[in-house]
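For reference, the structure discussed in these notes is given below.
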């Protein structure tokens, strides 16, 4: 279809001027856009209030979507359950017997732990979540992996707080609106998380790859002690996350660590808990040092941590 | 007359006698539809990879190609600003890219005034792939091969989705111009 002939300017001065103005305005828009893009790449949090207000408006619709999503998942799971109910029942019975034994053993270990800790005068402090909320949406068109949370500044959520589901770590709060917040998921390519192997103290960094997997980079290079199936948990370094929360399971070994799969998939969660920052004082100190440009935070090990530690601790700022 | 054929005095926009289209609807539908298309992907949880093609941009292309001259040349900037609020890209990327896309289509249109559906699809496909690549670069994250690989389905889906978007724009256009207002 040919464009309407009215848009050919011809000899009409008015038409010529309006066409020219159109180009001028569009060019100005492009220039403004590039200036804003530069600004927001340089200062990612510059437009946080604007985005917070926008996500507050969308969150109610997202909540409806989240309820529908979890209910349909349950619906399909219960249909699927009928097909292999018998064999599954037998297998579950066996598992249950073993689990009972293990539970009793765990009780004994817990009691012993308590006794030893009381000997050492250590106190077990229960972490109370700031807020329980749903993940109501995500940035599904962008390559950045952010999710929207249905709780915000009104519920006491502040940037930097860890978001944890019943299975493990989901991510960290990036920006807050009044009733919504933006969460940096672990799979985002700018997310860095200090982790350790669950059964011993092999420490590493888990970085998002942008494709749903995490790259686990060991801090101490040498012989790679990781094995497929190892569970990585948070180490508590950097101060954001409390130690011992499940993060990922190693699925492939590489030269400097491994590739890991998430334990807690954000799409499969119903409710998530926003927990307070584990050691707010440490975070503040590290952040202050980082802004002064002296990355002294963790210069105790060789090369890896001195470069990666401030990144991990201040990753809430640079996205 | 209506006894024999109830649609005798009407066309695709509704009854012709005594009715006119609502000016508010005629002006707002393109903008509202593009804004809604920008918001829709937010409701989906995509934790692994970008799943949904840029629906807002596709609908902008659709309106621009199917109904040339309806959106002003500068419409990319305000609509892009709205898209930036929700897309997760750094603020300003869609303002820049949507403005550039509108200018590019305008130039293509003056160069090739007689276009058909296939040429429109080709143009839209090239623009969408260019936009996809530009958003990857502007996202503020380092572009890795894995990231390109997981984002590739998004680009293919966007190209395949354009004809559907064009049909949708056509039906939205019928809704836009429907004679909803009664002249007393």
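No value in this document is a laboratory result; all are computed from the given coordinates. Please read all numbers here as calculations on a predicted model, not as lab measurements. Note that we place each Cβ from the backbone using ideal geometry, even for glycine, and neighbour counts take in every protein chain shown.
Please give the helix A:280-292 orientation as an angle from the longest Cα principal axis of chain A, in degrees from 0 to 90, rounded to the nearest 10. Helix A:280-292 sits roughly 50 degrees off the main axis of chain A.
Average projection, convex hull of the Cα set of the protein assembly as shown: 33.9 square nanometres.
Going by C-beta contacts inside 10 Å, put A:146, A:278 in order with the fewest on the left.
Numbers: A:146 24, A:278 19.
With the fewest neighbours first, A:146, A:278 line up as A:278, A:146.
The alpha carbons of the range A:43-89 stretch over 57, 22, 10 Å along the principal axes, in descending order. For chain A, the longest principal axis of the alpha carbon atoms and the long axis of helix A:13-42 meet at an angle near 20°.
Computed with the Debye formula from one identical point scatterer per Cα of the range A:1-125, without solvent, the log10 of I(q)/I(0) at q = 0.12, 0.13 Å⁻¹ comes to -0.95, -0.98.
Label-to-label distance, residue A:154 versus residue B:167, with points set 7 angstrom from Cα along the beta-carbon direction: 4.2 nm.
Measuring between their Cα centroids, the range B:113-157 and the range A:166-184 lie 29 Å from each other. Taking chain A as a Gaussian network of alpha-carbon nodes connected by springs under 10 Å, the highest mean-square fluctuation of the residues A:140, A:260, A:48 belongs to A:140.
Relative to the longest principal axis of the Cα atoms of chain A, the long axis of helix A:85-120 lies at roughly 80 degrees. Oblate is the label for the range B:74-160, because a/c, from the alpha-carbon gyration tensor with a ≥ b ≥ c as root eigenvalues, is 1.5 or above and a/b does not exceed b/c. Equivalent-ellipsoid semi-axes for the range A:132-248 (Cα gyration tensor, √(5λ), whole Å, largest first): 27, 15, 11.
When B:162, A:23, A:240 are sorted by how many other C-beta atoms sit within 10 angstrom of their C-beta, beginning with the fewest, the order is A:23, B:162, A:240. Residue by residue along A:31-43, Cβ atoms of other protein chains within 10 Å of the local Cβ number 6 on average. Extension gain for residue B:133-residue B:8 works out to 39.9 nm (0.36 nm per residue, less the C-alpha to C-alpha distance). Over the range B:15-180, the Kirkwood radius and the radius of gyration, each from Cα atoms, give a ratio Rg/Rh of 0.99.
Among A:69, A:215, A:196, the residue with the largest mean-square fluctuation in a Gaussian network model of chain A, with springs joining Cα atoms closer than 10 Å, is A:69.
Remark: spin-label model distance residue A:103-residue A:39 equals 5.8 nm, labels positioned 7 Å along the Cα→Cβ axis. Sorted ascending by nearby beta carbons within 10 Å, beginning with the fewest, B:165, A:38, B:49 become A:38, B:49, B:165. Which of A:72, A:141, A:158 moves the most in a Gaussian network model of chain A with Cα springs under 10 Å? Result: A:141 has the largest fluctuation of those listed. The shape of the range A:58-115 can be summarised by an equivalent ellipsoid whose semi-axes, obtained from the alpha carbon gyration tensor, come to 36, 24, 4 Å from longest to shortest.
Evaluate E = 1/(1 + (r/R0)^6) for residue B:112 and residue A:117, where r is the Cβ-Cβ distance and R0 equals 60 Å; express this FRET efficiency to the nearest 0.05. Rounded to the nearest 0.05, the efficiency is 0.20.
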